[in-house]
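Peer 1: Supplied in structure tokens, the structure appears directly below.
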Amino acid sequence: MKKYNVAVIGAGVVGIEMLRVLKERNFPVQDLRVFARSSREIDVDGQKYAVEAVSPEGFKGIDIALFAGTEGEKGAAVTFAPEAIKRGAVVIDNGADFRMDPKVPLVVPEVNAADVRKHKGIIANPNCSTIQMVVALWPIHKKAGIKKIIVTTLQASSGAGKAAVEQLKEETVIISSRGFTSVHVNVENRAMPQQLGFNVFPHIGGFSECDYTSEEWKLVHETHKIMHDKKIKISATTIRVPVRTGHSESVYIETAKPITADAARKLLSRAAGIVVIDDPSKSLYPMPKDVEGRDEVFVGRIRQDCFEKKGLWLWVVADNLRKGAATNAVQIAECLVK
């Protein structure tokens, strides 16, 4: 089997997961290099990695460059992706900078793997909440056609990075130490716009058109691009919740053709990358604590709308650092080398 020189750019939570996933999935790596803003050494599950300061020259000889990406700001890919491409690498970027570029494929392998062939040096990895939703909805869309999606996401702190996870931890410790006499706390250098410990708030990204946040528009625009269907009506609310890792989504769909909950359940049970856990009578349904470290998308609470025969509800949960970021990027690389 041919092996490839691979670079991972970023040594934060997503970059570390990329290193894990490359190893776990036995990606055919000849030489692996890790780049970040500054040089240092990191330990990932007992294995040491030398991190080099990223530079254009560092991409010489690299075949595939996996950019971990930074949501909410211009990522390293804006500066260094052109340099990597110039030196012969194919870039797979987890950041938001290239996702809606019409020349850049936006890929979820279970949905539109064929789009990888269209790349001109760069392939974009979608937003975490979009990835898990389209994986769950694609089999239903192929069978019955989806006309409308209404989704509420419940997104974990790790989706906002390491600092947000630390904020949640600090707030939880402080409130617990008080014996829950007050749930109000104000930590220094807060990473998020509101307190997250023992709280939820509907604010992920900046507010823009129609008072949707940027995170909510990602679900709209990215889904249209990945599923090649701009006619689907999509409305989203994105909520930050006090969970470490694992995004949950309450998804309502209306289909063009009727499909029963049982038929949808069977369809999803056979679909690639999906695990159905759906027996509410026994308290069995997907939960963030159970999917952490897993690469699949988990679906449960599949049920018919009591008032609309073409309406279905689904509960969708996935590890936002794995399938929502690192694993999907490595799966794109796997499609590429095929």
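Readers should treat all values here as calculations from the given coordinates under stated rules, not as data from a laboratory. Please read all numbers here as calculations on a predicted model, not as lab measurements. Cβ coordinates were reconstructed from backbone atoms using ideal geometry, including for glycine residues, and neighbour counts include every protein chain displayed.
Peer 1: Using alpha carbon centroids, what distance separates the stretch 124-167 and the stretch 249-326, in Å?
Peer 2: What the calculation gives is 12 Å, centre to centre.
Peer 1: Past 25 Å, Cα to Cα, is the threshold; run K148/K309; K230/K289; K23/K289 against it and keep the listed order.
Peer 2: In this structure, K230/K289 lie more than 25 Å apart at Cα.
Peer 1: Separate question: Taking neighbour counts of Cβ atoms within 10 Å as a proxy for exposure, in what order, fewest first, do F198, F59 appear? Before the final figure, lay out the partial values.
Peer 2: Details: F198 16, F59 24.
Result, fewest neighbours first: F198, F59.
Peer 1: Treating only the Cβ atoms of Lys and Arg (+1) and Asp and Glu (-1) as charged, compute the dipole magnitude of the stretch 263-321 about its Cα centre; round to the nearest 20 debye.
Peer 2: Details: 10 positive and 9 negative charges, 70 e Å.
The calculated dipole for the stretch 263-321 is roughly 340 debye.
Peer 1: Just K323, K169, K266 to compare: in a GNM of the chain, with alpha carbon springs under 10 Å, which one fluctuates most?
Peer 2: It is K266.
Peer 1: For the chain, taking Cα atoms only, what is the radius of gyration to one decimal and the Dmax to the nearest whole Å?
Peer 2: Every Cα atom of the chain included, Rg and Dmax give 20.1, 61 Å.
Peer 1: Here's another thing I want to ask about it. Over 30 Å between Cα atoms: which of K48/K225; K118/K231; K218/K310 fall into that group? Don't jump to the answer; show the numbers that get you there.
Peer 2: On the way: K48/K225 39 Å; K118/K231 23 Å; K218/K310 25 Å.
Table pairs above 30 Å Cα-Cα are K48/K225.
Peer 1: Then there's this: So for each of 241-249, 125-133, 221-229 I average, over its residues, the number of other beta carbons within 10 Å; can you give me the resulting order with the highest mean first?
Peer 2: 125-133, 241-249, 221-229
Peer 1: Compute the signed sum of charges (Lys and Arg +1, Asp and Glu -1) over the other residues within less than 11 Å, Cβ to Cβ, of K148. Can you show the working numbers first?
Peer 2: Numbers: positive: K147, K231, K233, K310; negative: E254, E308.
Net charge around K148: +2.
Peer 1: Among G273, I16, A89, whose Cα projects farthest towards the positive end of the dipole of the chain, with charges put on the beta-carbon of Lys, Arg (+1) and Asp, Glu (-1)?
Peer 2: Farthest towards the positive end: G273.
Peer 1: How high is the relative contact order of the chain, in percent, with contacts defined as C-alpha pairs under 8 Å that are six or more residues apart?
Peer 2: Numbers: 743 pairs, mean separation 62.3, N = 338.
Relative CO of the chain lands at 18 percent.
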